[in-house]
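Comments concern the structure below.
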Amino acid sequence: MAKLIRNNALFAKIIKEHAPPQCFIHTTTNLNKCQAGRYRISLRKDFPLTYEMANPPHQIAHRKAWNSWNTSNVDGGVRPAETAVEDLFIRKFITGTWHNLFVSEVIIKRQHNIIRIAGIVHQQANARQMYFLIGYCEELLSYWLQCLVKMELQTVQDKRDVVFKYI
């Protein structure tokens, strides 16, 4: 019996070595499904969208602007990776500092040596707290990024004032 198992193993090894390579072709239909950056319709159609959120990604530069304005991503631009990391840092810092006060996206505009941060803020805090947060953010970001930072904010009474449509 052991001789038979040894012969079968030898036979399987010979077949593997001398068998032609096998190619498998899978034929399935291409879905062409573009779903990134789109929001699903809720059952009760009560999910609020701002104007920025309501426009799909392919409408950028037609009906919607970029959230980060800079020239470092053009051909031959300097510091594209550093600019992207700084923009991410600015967004995280602003979101953490202005906790639940920003009702729109954080817009970052870079011009020469000035970074302008724009957005819409809820009037939940009083004027003294708002001015403190503006100065705090401008001062710390200017120190960390080694350039002038200015915040351009607009306020709204209610978060529903920013809603463009419900889906």
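Pairs are defined by a Cβ separation below 6 Å, a sequence spacing of at least 6 or placement on different chains, a first member in the stretch 56-70 that is assigned to a strand (DSSP E or B), and a second member that is surrounded by 12 or more Cβ atoms within 10 Å (Cβ to Cβ) and modelled with pLDDT of 75 or more; the pairs so defined are Lys64/Asn55; Ser68/Asp87; Ser68/Ile108; Trp69/Lys109.
Let's see how each residue does on (1) modelled with pLDDT of 80 or more; (2) under 18 Å from Lys165 (Cβ atoms); (3) assigned to a helix (DSSP H, G or I):
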| residue | (1), (2), (3) |
| --- | --- |
| Asn8 | no, no, yes |
| Lys13 | no, no, yes |
| Glu17 | no, no, yes |
| Pro20 | no, no, no |
| Asn30 | no, no, no |
| Gln35 | no, no, no |
| Ser42 | yes, yes, no |
| Asp46 | yes, yes, no |
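The values are calculated or read from the model by the stated rules, or taken from the named source; none is laboratory data. Owing to the predicted nature of the structure, the values given are computational and were not obtained by experimental measurement. FYI the Cβ positions are ideal-geometry reconstructions off the backbone, even for glycines, and counts take in every protein chain you see.
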